[in-house]
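Beneath this line is the structure, given in structure tokens, with notes to follow.
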Amino acid sequence: MLSLNSMTNIFPHKHLLSSSQLSRSDILTITSRANEFISNGISAAHRYDLLRGKTVVSAFFEGSTRTKLSFELAARRLGADVLSFTASASSLSKGESLIDTLNTIDAMGVDIWLVRHSHSGAVELMSNFSHCAFLNAGDGQHQHPTQGLLDILTMLQHFGELDGKNICIVGDILHSRVARSTATLLQTLGANVGFLAPGTLLPHDYSHWNITLLKTIDAAVEWADGLNILRIQRERMEGGLLPSLEEYSQFYGVKMIHLQSKPNLLIMHPGPVNYGVEIDHDVAHATQSLIQKQVTNGVAIRMAVMALLAENFDRK
Amino acid sequence: MLSLNSMTNIFPHKHLLSSSQLSRSDILTITSRANEFISNGISAAHRYDLLRGKTVVSAFFEGSTRTKLSFELAARRLGADVLSFTASASSLSKGESLIDTLNTIDAMGVDIWLVRHSHSGAVELMSNFSHCAFLNAGDGQHQHPTQGLLDILTMLQHFGELDGKNICIVGDILHSRVARSTATLLQTLGANVGFLAPGTLLPHDYSHWNITLLKTIDAAVEWADGLNILRIQRERMEGGLLPSLEEYSQFYGVKMIHLQSKPNLLIMHPGPVNYGVEIDHDVAHATQSLIQKQVTNGVAIRMAVMALLAENFDRK
Amino acid sequence: MLSLNSMTNIFPHKHLLSSSQLSRSDILTITSRANEFISNGISAAHRYDLLRGKTVVSAFFEGSTRTKLSFELAARRLGADVLSFTASASSLSKGESLIDTLNTIDAMGVDIWLVRHSHSGAVELMSNFSHCAFLNAGDGQHQHPTQGLLDILTMLQHFGELDGKNICIVGDILHSRVARSTATLLQTLGANVGFLAPGTLLPHDYSHWNITLLKTIDAAVEWADGLNILRIQRERMEGGLLPSLEEYSQFYGVKMIHLQSKPNLLIMHPGPVNYGVEIDHDVAHATQSLIQKQVTNGVAIRMAVMALLAENFDRK
């Protein structure tokens, strides 16, 4: 018989593919587990055997330093055996199909896949052809649920709860899997979500998202308890979606004047930062900025999700 | 004094460079050791300390996902400390010679080299300049002995023994180290080896190989107890050796009609598969297909070979 | 209370950035610790828990096989959790700044950075923005202190002490961080340093270095107790700094005739070697050549430095 404590910690999902699959209770199960890891310590001096005897494959079909290191650190600190491969190093270049690669590595004996892929839906597709658990580490412009969860954890640590809080996502919402992942989680926890973006970088269907559309950075600062500021990709300008970085910075960039006008305003950014474009250097390093804390929380969130997925294996 | 059991398990070779060095007894020593690992379990939950305190260098001078992951997984599950490097990441591009790289890494204190190299004979050359044990993970068009051994293990598990069995290798035999490795092992175990290939993809000296030349896929299916189907490299067409993939598929591709005409026919393929070219998707996923089992067996075979090589260290 | 033995082993530096920061006592602390590791054994069979619970990041922003493997082996044999990333695999290509990458990885919870970077001073810059310990694994043409220390260890093992010994550095001193690192350490230990190089490959300020300038390879052989021979980069010729490799070899290359004229002459080279250019193949493989021993000593030196840096953490 499970104790009450264990029962509340049950994670009723085989995979973590999207923020939209998570109920309020799921989100709080993950964040409270992450907070437990942080309390106990998440450095290499604190090893947990929760994934001992499990093999985790980190499969990044799209480049990333931060997320890959964060996931692999998290897996190792849980005691997993971690295999790592990147697309360019793989034989995918020889025309091997994604599903064939999946089946082959599965046949070597693995348990959890951490997958980043440039195509939206690729991770869910993979999960349909495997008996393993899948953790979406970012698929195209679709989802990046652990990034959303680490944003939520960071805000929960600060605000205590998110009901009724106003959080504005600023920047290239159209192309951002971070925006999609975080916005859904915020709404599930009862927060009000705002968007601030040039019209060319807003999703066409934003009116269905039940969000508050802010028109200027000043209005966003006034409305919001916290800003989640997205990275501006320089490629957007080459694509004609932005006139210039200077103009973007002038109308949408967060500057010290905004922090001065609202000293309690929370600043978050998934990194890497373009200083002087979407956010000024001083803002990113101000006491209101939780950017470094987001990174630390990322390791804890990934540990929490992997631990919960692994407990479901053992329950079967 | 060694017990009878231990004596039969002695592997009288310092290296595994080629299938042709293996006697019937050697092959059975390796496959029975691999079967023992499979019985005991080869997932991360089953760790063996047979290579504890040994350093294994995985040196792939030619790209590969499957084989590299399989070898490194095998080494780690035996408790080895695994170093990994690939040629493009190495200073070989600065003009450093292969033997210099070998000597340098040897001087850091390693025990077993796993080497893939695009030049036939490169691994044997390296073994002449080192005190370490070498395991050939594929050298040019020459040999890939653990691939041959995993094919043999898969067939032994299915047939019990190979004496008198008819196994046909289908496809680009000329350029295939897999074909060379498997054919030799099959003949050592008393199987009859058949070849089916377009004339441009047959070795010029095939008449010395003591093989049965099949002329059509229908004849091969009729003759064989099992088909070992090779991957068709698209580069062969650019080289003028094949008129078109469509024509290849028509005359040499294995289709469901063949399985229907011979329901006991065993299907094997070293991967990655070109579906619809050398083998139809349904054939690759039929119950007669042992392709996934070959991959699992690959981990066990590599564990077995490394364990046997390491026991020879300790015996000295 | 510390025992005398422990006190003499205190390493009074948070980082190892440059050979010039090391006193005579510091150098001997490091080399004696390295000799202890060698006596106890530095293969994978000999694991030390001195970095257990510590995370070491190996960050090579410039390619290298030898040094990267050597550092990572050393860290693992001390029981560290080793993260590895290379610049090309990182998101630095997306315009992420060096300091941002540093801060992000620091926030994941690391202790020691091993950094190679193509810009002189980059490692010191990083150390100013982090609470971690930094070990310079080569920065531009500036410093490569563990290479210098392994050269010193190799000479100390051979000569017992270096006071009054004559050591000549031969080759491309202008562009060599090895020359800078080793020369400083030699002088700190009381050795006389000689330089032999074409005028185009001598540092412009060599007269401030308090060195003996040798004019010919014959004069250098006659003067020296040991030669530290540098690799000639083929790019130097394209840059017009060298007329031809043949001419370089004729006037500066070390040949068997030199060893025959002075049988006790010590030969060292940091590798990789251009045989027939700066050193003949037979010289590199003669009994006077300590090139392989340098590599083995490199692992021991890196273990010693990391162990000493880690002890300083615990002391705080």
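The values are calculated or read from the model by the stated rules, or taken from the named source; none is laboratory data. Predicted, not measured: the structure shown is a model, and the values here were computed from it. Heads up, the Cβs are rebuilt from the backbone with ideal geometry, glycines too, and the neighbour counts pull from every protein chain shown.
Within 17 Å of the chain's Cα centre (by Cα) and either without any contact (Cβ under 8 Å) to a residue 40 or more places away in the chain or away from chain A (no Cβ under 13 Å) (or both), is that true of B:Gln292? Against the criterion (within 17 Å of the chain's Cα centre (by Cα) and either without any contact (Cβ under 8 Å) to a residue 40 or more places away in the chain or away from chain A (no Cβ under 13 Å) (or both)), B:Gln292 qualifies. Please pick out the residue among C:Ile152, C:Ile112, C:Ile167 that is over 21 Å from C:His15 (Cα atoms) and at pLDDT 95 or above. Among C:Ile152, C:Ile112, C:Ile167, only C:Ile167 is over 21 Å from C:His15 (Cα atoms) and at pLDDT 95 or above. Residues in the range C:183-205 that are part of a helix (DSSP H, G or I) and surrounded by fewer than 15 Cβ atoms within 10 Å (Cβ to Cβ): C:Gly199, C:Thr200.
A:Gly276 - would you say it is within 14 Å of another protein chain (Cβ to nearest Cβ), free of Cβ contacts under 8 Å to residues at least 40 places away in the same chain and touching a Ser or Thr at 6+ places or on another chain (Cβ under 8 Å)? Before you say what the answer is, go through the steps one by one.
Values: within 14 Å of another protein chain (Cβ to nearest Cβ): yes; free of Cβ contacts under 8 Å to residues at least 40 places away in the same chain: yes; touching a Ser or Thr at 6+ places or on another chain (Cβ under 8 Å): yes.
Against the criterion (within 14 Å of another protein chain (Cβ to nearest Cβ), free of Cβ contacts under 8 Å to residues at least 40 places away in the same chain and touching a Ser or Thr at 6+ places or on another chain (Cβ under 8 Å)), A:Gly276 qualifies.
If the condition is being crowded, with 20+ Cβ neighbours inside 10 Å and without any contact (Cβ under 8 Å) to a residue 40 or more places away in the chain, then the range A:253-273 contributes A:Gly253, A:Leu259.
Only one of the numbered conditions (1) closer than 21 Å to B:Gly164 by Cα; (2) touching a strand residue (DSSP E or B) at 6+ places or on another chain (Cβ under 7 Å) is not met by B:Val254, and that is (1). Any residue at all in the range B:251-261 that's at the interface with chain A (Cβ under 10 Å from one of its Cβ atoms) and either farther than 20 Å from B:Leu149 by Cβ or part of a helix (DSSP H, G or I) (or both)? There is no residue in the range B:251-261 that is at the interface with chain A (Cβ under 10 Å from one of its Cβ atoms) and either farther than 20 Å from B:Leu149 by Cβ or part of a helix (DSSP H, G or I) (or both).
Hey, any hits in the range A:299-311 for a residue that's within 11 Å of another protein chain (Cβ to nearest Cβ), under 20 Å from A:Gln157 (Cα atoms) and either among the charged types (D, E, K, R) or surrounded by fewer than 21 Cβ atoms within 10 Å (Cβ to Cβ) (or both)? Yes: the range A:299-311 contains one or more residues that are within 11 Å of another protein chain (Cβ to nearest Cβ), under 20 Å from A:Gln157 (Cα atoms) and either among the charged types (D, E, K, R) or surrounded by fewer than 21 Cβ atoms within 10 Å (Cβ to Cβ) (or both). Considered as a group, the residues in the range B:34-68 that are touching a residue at least 60 places away in the same chain (Cβ under 8 Å) and in a loop (DSSP other than H, G, I, E, B) include one that is surrounded by the most Cβ atoms within 10 Å (Cβ to Cβ), and that residue is B:Leu51.
Just for helices (runs of 4 or more DSSP H) wholly inside the range C:96-159: which have at least 3 residues that are within 26 Å of A:Ala44 (Cα to Cα)?
Result: C:98-107, C:122-127.
Of the residues in the range A:271-280, none is modelled with pLDDT of 95 or more and part of a helix (DSSP H, G or I). In the set (1) at pLDDT 95 or above; (2) within 9 Å of chain C (Cβ to nearest Cβ), B:Phe71 fails one condition alone, (2).
When residues in the range C:148-164 are screened for being out of contact with any Gly (no Cβ under 7 Å at 6 or more places or on another chain) and surrounded by fewer than 24 Cβ atoms within 10 Å (Cβ to Cβ), 6 of them pass. No other residue among B:Asn136, B:Asn103, B:Asn128 is without any contact (Cβ under 8 Å) to a residue 60 or more places away in the chain and away from every other protein chain (no Cβ under 12 Å) apart from B:Asn128.
Taking the conditions (1) over 21 Å from C:Phe129 (Cα atoms); (2) assigned to a loop (DSSP other than H, G, I, E, B); (3) within 10 Å of chain A (Cβ to nearest Cβ); (4) at pLDDT below 95 in turn, C:Ser88 satisfies each one other than (2).
Summed over the range B:107-120, the residues that are more than 8 Å from every other protein chain (Cβ to nearest Cβ) and either in contact with a helix residue (DSSP H, G or I) (Cβ under 8 Å, 6 or more places away or on another chain) or not β-branched (Val, Ile, Thr) (or both) give a count of 9.
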